[in-house]
Number of protein chains: 6
Amino acid sequence: MKILLLNPNTSEVLTTQLTEVATRYAAVGTEIVPATGAFGVPYIANRAEAVIGASAALEILAQQHDQVDGAILAAFGDPGLGAARELFDIPIVGLAEAGMLTACMLGKKFAIVTFSTALGAWYQECVEWNQLQDRCCAIRMLDQPFNSIGAVRDEKEDLLAELALAAVRENGADVIVLAGAPLSGLADRIRHRVPVPMIDCCAAAIKQIEALVSLNLKAPETGTYCRPGAKDTTGLSAALAARIEHRS
Amino acid sequence: MKILLLNPNTSEVLTTQLTEVATRYAAVGTEIVPATGAFGVPYIANRAEAVIGASAALEILAQQHDQVDGAILAAFGDPGLGAARELFDIPIVGLAEAGMLTACMLGKKFAIVTFSTALGAWYQECVEWNQLQDRCCAIRMLDQPFNSIGAVRDEKEDLLAELALAAVRENGADVIVLAGAPLSGLADRIRHRVPVPMIDCCAAAIKQIEALVSLNLKAPETGTYCRPGAKDTTGLSAALAARIEHRS
Amino acid sequence: MKILLLNPNTSEVLTTQLTEVATRYAAVGTEIVPATGAFGVPYIANRAEAVIGASAALEILAQQHDQVDGAILAAFGDPGLGAARELFDIPIVGLAEAGMLTACMLGKKFAIVTFSTALGAWYQECVEWNQLQDRCCAIRMLDQPFNSIGAVRDEKEDLLAELALAAVRENGADVIVLAGAPLSGLADRIRHRVPVPMIDCCAAAIKQIEALVSLNLKAPETGTYCRPGAKDTTGLSAALAARIEHRS
Amino acid sequence: MKILLLNPNTSEVLTTQLTEVATRYAAVGTEIVPATGAFGVPYIANRAEAVIGASAALEILAQQHDQVDGAILAAFGDPGLGAARELFDIPIVGLAEAGMLTACMLGKKFAIVTFSTALGAWYQECVEWNQLQDRCCAIRMLDQPFNSIGAVRDEKEDLLAELALAAVRENGADVIVLAGAPLSGLADRIRHRVPVPMIDCCAAAIKQIEALVSLNLKAPETGTYCRPGAKDTTGLSAALAARIEHRS
Amino acid sequence: MKILLLNPNTSEVLTTQLTEVATRYAAVGTEIVPATGAFGVPYIANRAEAVIGASAALEILAQQHDQVDGAILAAFGDPGLGAARELFDIPIVGLAEAGMLTACMLGKKFAIVTFSTALGAWYQECVEWNQLQDRCCAIRMLDQPFNSIGAVRDEKEDLLAELALAAVRENGADVIVLAGAPLSGLADRIRHRVPVPMIDCCAAAIKQIEALVSLNLKAPETGTYCRPGAKDTTGLSAALAARIEHRS
Amino acid sequence: MKILLLNPNTSEVLTTQLTEVATRYAAVGTEIVPATGAFGVPYIANRAEAVIGASAALEILAQQHDQVDGAILAAFGDPGLGAARELFDIPIVGLAEAGMLTACMLGKKFAIVTFSTALGAWYQECVEWNQLQDRCCAIRMLDQPFNSIGAVRDEKEDLLAELALAAVRENGADVIVLAGAPLSGLADRIRHRVPVPMIDCCAAAIKQIEALVSLNLKAPETGTYCRPGAKDTTGLSAALAARIEHRS
């Protein structure tokens, strides 16, 4: 199967890291098709940037959805996930959703651990959108600046391991969800330092999208993610306009 | 005070209708500054269109926020409301938020009544985003097509009055929130036919933004709607890029 | 419009302070009609005193409701608010309700900050009655005695500013709701010391009651706040008996 | 033990009925001390009347609390229950509280069945005050007038049995809580007609207050129901003023 | 009335302690019939042991249910309580359920205080099964080993009193639920050291089962605890098989 | 990888059906190891039978856990899932859990559709144990008897397709979770008749356990599913006693 690994951030370095992790965890026969946001910010950290990232994600999907079997929306926070499911017929999972639902099979309470306080308000909304507030015991964030988004996982490795440990000891986390596309790949390096299961969201997402594609499902013809009727558009890209107007 | 009445839909006719209602309910000394979405769809009905509408809203705010005292995000569903509050320092209210919170002072349970089933899934997410699920007893929607978005409030006047009545009788609504920018102005015409208070969301929004502007508040320097730090951008409009990059 | 500013406490000094604040924030054309509880305690702090204050409030409304366009129930905790809405046809808002709903437009989480631990249990019930538990992150209270109810806002000004700051830092409050009629007027003096918006509930209440009166609503003919049918009474004041017995 | 059976309604006939049921279910050695509200309405049906009934209840307790071991607040809706617990040191239970908590030991979901739609909004608030919304599947009410409050249980016996049956069949009730002081005594007559356990709230209340008195508990010295500090009062009855002022 | 005091643990010493407490609090005319689990562990502390304890409880009930009027499932956590209610027609209460529901009549928030961290996860599930999360402010546990399960209440008396006090001061508990069959009998010894009411769950359970037996209820013929239809079994004890197969 | 497919029911025919479905959906390299409950009932339908089935499941796991990489608890309702996770170090998923969490990636609301009303109360508790009440819009059940548990999926195929359709139309289900081990394999036959995605829980479970085994997780050393300390046992099977006593 072909899986679109859609990074709605503009950082190519993140796409590379995500692709490396997804490939490592992919099943035999799964092909990863990477894509990077054409506009926006290097890494999405808040609701304003998520609005822009969601648009970037819809653009990529409009261009490539008919060439793949499923897609991963590869930013924790899952910008535009509901919108993407409405517009396109293939299964799509978000990094946050995949990480959190997987965590639910490993413990009662998970903690989200990430590298910057700037991400907290948006991640909280993401937990609520998934209606998983009762399963999330904490969002723990480092509060110091970092040098580069592509190397934050290396620079903060020790601090993130300690923060995960604090989430276990102080917040009662049964599982750690290591959050943020820039941290993909880190869990394998620090899980021996943390006494509970630790989720790499990119790894979880590739397994979950493989699961969905395998399950022989149909696109919904009604309900919350049913494709909306055709509508006129103004000022959109050709691919996205065509999709909304039912010309593709 | 000057209030930006921001219609994130591309329909000028809706801007005109909204302006007419806002002006009717505005206090002495309130000036309404209308604006219409430069790209997107004639009326936003779902999450995919809301992603686009949210971008359109951020664009307008980037251009005009420093010339007004407050803003109304004039689409029920409030596309990009959280994003807008992060990026800009003025008070901003959404049509849905203003209508629903006002309804909370008039009854225990409100029902949302609108003109198309296409709006239901998005409106439900809006109720949840506001954490008002316990106060919303139903979202009632007409299920037949309509002729034009600018005239749907006229065409469906009788049916909407009946639907509101059904929400009272069958769902126990204490208050009716007439939802959707295209229905602004209708409440005044049909409230005599419904036995409970009926909210015109545009009217509620002008009163609520006037309230916020009057209250002598400060922009948050921390917390969920604190302005994010400067960040590089790629491919955005000049005004929006300048705001995100802290050049304006 | 004429707004009854109903202080259900027996302290005239509080009525004077509340009137001063309401007048400062009132729109052009709004006339404030102050009234003070005829029996009860100097300031209501708990459920037992709220029962008595609610009776006092109903008495005042029974006497004056037909001479005003709306009323403010001017004790945080809103004693008898639901009862008042049942019995009388004019819009009525409570200090707590107005403050908390206004806060919902400014942040995700508000904290209630007040001057005495004696108020905590009652305020908690008030939050729950409004079904706003998910929006209230803390009720913070000073725990030392004060000299006089009319001067507590002066005596404790510094401590309350510090407590508000603690609610922001320790509880993650996005907005501060300064609670308790005796604190009305304080927000304007200390808001520069707190990094998030701070609500003066009396100011919020005058704006909210103005909004409701402006919205052209009808009294409910059914639902939770519909006026009950006539019923015989024993031992009540003439005005309240007349209202319950449908003789007025 | 001596148990004050406090009817906050003014109807002596209800006091008689309640006393008869309480006596029938009381343990050997329990003495019932009946009391009737001195002012208010014949039967409390809404929040306005509950404010008055709560005052009446506090009056009776102020006069008699030191002569009994515990008290039953004998109106479903439990007007002033929290207030009463604050002011007085003896255990006190409400009819609604006792009925609903007892029902929780007999099924997952209970339905409240009563004789008039006028009671619905108030009963709903009572369920919420007890935070038992997840256990209450319905409040079912007869919607026709009745002849006399003292005979409503006889007049409506068949209709109430049918309504209870409907709550089982249509709402999935595992237990029926027959609600309202005027229905005390009815359960024993109709329980053979309903396929699930049916609670007589007065019977439940006498068992629960006996339980509390037996359990060797202490009055709280802190927490939500701790007695408030002394406070001056104006215009209250001698007994209530003395209690609030800590002179008794 | 005859009450089966069913200890699903294998420790006879706990049965003795529980019987002593139940007898002390039982009404005149109540006969306690003690029983001890025939297989399993000395004291149930987690979900795995609760599965085994639930089986042991069903066995005892299968043998003795028709010789008693009601039963107490005497392990906090109430292993198999729902199962027991399905299979048998007599009223049955659990230690946890009885303790927590009784606490609800004494305060808004209760804390569970117990002797070992090993019990926490299971107790938390028990609170959730009863849907009392909003009433439970904390589960506080000692974190040191103890010498013998029959003497833990003596060995840890001081530490448990201090822990209860900490639950009041740090978690805002209005009531203490002293949890775990091994702690039965302790509350009477330490309640003078704690400023809020303290519940002995065994004492609460005997009062609650007496209440249920007194209330003249019927076994459900439908709903969640209705007896399941007959079904074939394999490999079960004679008594349990007979009950499931409707041969007894 | 080797996956234990643990059927806690005693019906070999169900084990055969489940194995057939799991094998069909398993990835290349996954080996299914089937096992059937040694005691209990042909199919578990309620809490009483789930207690017994949970014991049967623990027995099988005690015997085989060290020979496999993961396990599926193959009865919807997931009897003993928490207990199994505590006692054993391998990943384990339940049919219900896997089906419901997978459904969460396909819609906002799922409905559970099954073949007998006897299953409803237990399934409801399972939804609550997973804290997915907000995502489950209905449990729909056929209410007529069936001939044989091994052929119920054939006998009721049409009725179940219609019931699924009703759940979509009447309850607003975005996804159908076809529930109960006896229905495994049916989804592939009827999904063309239902307008939303339909989950076969056995298929979902094999994909989810493959995901968990692939994710390189560690067994928890603390938290809710940490293995309990060694404890003496009485009267248990050799394998289970050894595991609880830490001799294996």
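The values are calculated or read from the model by the stated rules, or taken from the named source; none is laboratory data. Values in this document were obtained by computation on a predicted structure and should not be read as measured data. We place every Cβ from the backbone using ideal geometry, glycine too, and count neighbours over all the protein chains shown. Only protein heavy atoms, including side chains, enter the accessible area calculation; ligands, DNA and RNA are left aside. Shrake-Rupley method; radii C 1.70, N 1.55, O 1.52, S 1.80 Å.
Just one of the numbered conditions (1) under 15 Å from the mean Cα position of the chain (by Cα); (2) open to solvent by less than 50 Å² (accessible area, probe 1.4 Å); (3) of a type in the set (Phe, Trp, Tyr) is not true of F:Phe115; which one?
Every condition holds for F:Phe115 apart from (1).
Testing C:Ile112 on (1) touching a Lys or Arg at 6+ places or on another chain (Cβ under 9 Å); (2) β-branched (Val, Ile, Thr); (3) in a helix (DSSP H, G or I), one condition comes back false. Which one is that?
(3)
Can you find a residue in the stretch B:149-172 that is open to solvent by 40 Å² or more (accessible area, probe 1.4 Å), within 14 Å of chain A (Cβ to nearest Cβ) and assigned to a loop (DSSP other than H, G, I, E, B)?
No: the stretch B:149-172 contains no residue that is open to solvent by 40 Å² or more (accessible area, probe 1.4 Å), within 14 Å of chain A (Cβ to nearest Cβ) and assigned to a loop (DSSP other than H, G, I, E, B).
I need every pair where a residue in the stretch A:118-138 that is free of Cβ contacts under 8 Å to residues at least 60 places away in the same chain and more than 8 Å from every other protein chain (Cβ to nearest Cβ) has its Cβ under 6 Å from the Cβ of a residue that is part of a helix (DSSP H, G or I) and open to solvent by 10 Å² or more (accessible area, probe 1.4 Å), sequence separation at least 6 or different chains.
Cβ pairs passing all conditions: A:Cys137/A:Asn171; A:Ala138/A:Asn171.
Give me the pairs, please: first residue somewhere in the stretch A:221-243 and at the interface with chain B (Cβ under 7 Å from one of its Cβ atoms), second residue anywhere and among the aliphatic types (A, V, I, L, M) and surrounded by 15 or more Cβ atoms within 10 Å (Cβ to Cβ), beta-carbon distance under 6 Å, and either six or more positions apart or on two chains.
A:Thr224/B:Ala121; A:Lys231/A:Ile244; A:Lys231/B:Val41; A:Thr233/A:Ala241; A:Thr233/A:Ile244; A:Thr233/B:Val41
Could you look through the stretch B:14-56, keep only residues that are under 17 Å from B:Val213 (Cβ atoms) and polar (S, T, N, Q), and pick out the one that is farthest from the other protein chains (Cβ to nearest Cβ)?
The qualifying residue farthest from the other protein chains (Cβ to nearest Cβ) is B:Thr23.
Which members of the stretch A:35-50 meet the condition of being open to solvent by 20 Å² or more (accessible area, probe 1.4 Å) and either part of a helix (DSSP H, G or I) or not small (Gly, Ala, Ser) (or both)? Don't jump to the end; show me each part of the working.
First, pick out the residues of the stretch A:35-50 that are open to solvent by 20 Å² or more (accessible area, probe 1.4 Å): A:36, A:38-39, A:42-43.
Those that are open to solvent by 20 Å² or more (accessible area, probe 1.4 Å) and either part of a helix (DSSP H, G or I) or not small (Gly, Ala, Ser) (or both): A:Thr36, A:Phe39, A:Pro42, A:Tyr43.
Going residue by residue through the stretch F:38-45, is there one that turns out to be farther than 14 Å from E:Val51 by Cβ and free of Cβ contacts under 8 Å to residues at least 12 places away in the same chain?
no
Name the pairs whose Cβ atoms lie under 9 Å apart, with the first residue in the stretch D:143-167 and closer than 19 Å to D:Ala118 by Cβ, the second of a type in the set (Lys, Arg) and in a loop (DSSP other than H, G, I, E, B), and 6 or more positions between them or separate chains?
Close Cβ pairs satisfying both conditions: D:Gln144/D:Lys156; D:Phe146/D:Lys156; D:Leu163/D:Lys156.
Confirm whether B:Ala83 is over 13 Å from the mean Cα position of the chain (by Cα), in the same structural domain as B:Val213 (by TED's automatic domain parsing) and either over 30 Å from C:Ile72 (Cα atoms) or assigned to a loop (DSSP other than H, G, I, E, B) (or both).
yes
Taking the stretch A:200-213 as the region of interest, how many residues are facing another protein chain (nearest Cβ under 7 Å) and in contact with a strand residue (DSSP E or B) (Cβ under 7 Å, 6 or more places away or on another chain)?
Total satisfying the criteria: 2.
Of the residues C:Ala121, C:Ala103, only one is open to solvent by 20 Å² or more (accessible area, probe 1.4 Å), of a type in the set (Gly, Ala, Ser) and not assigned by TED's automatic domain parsing to the domain that holds C:Ile209; which?
That would be C:Ala121, the only listed residue that is open to solvent by 20 Å² or more (accessible area, probe 1.4 Å), of a type in the set (Gly, Ala, Ser) and not assigned by TED's automatic domain parsing to the domain that holds C:Ile209.
For residues that are open to solvent by 10 Å² or more (accessible area, probe 1.4 Å) and among the small types (Gly, Ala, Ser), tally how many sit in the stretch C:193-217.
1
What do you reckon, is A:Ile190 of a type in the set (A, V, I, L, M, F, W, C) and crowded, with 21+ Cβ neighbours inside 10 Å?
no
Which of the residues belonging to the stretch C:124-145 are open to solvent by 20 Å² or more (accessible area, probe 1.4 Å), in a helix (DSSP H, G or I) and touching a helix residue (DSSP H, G or I) at 6+ places or on another chain (Cβ under 8 Å)?
C:Glu125, C:Glu128, C:Trp129, listed by residue number.
Could you say which residue among C:Thr15, C:Thr36, C:Thr19 is closer than 29 Å to D:Phe88 by Cβ and hydroxyl-bearing (Ser, Thr, Tyr)?
Answer to the check: C:Thr36.
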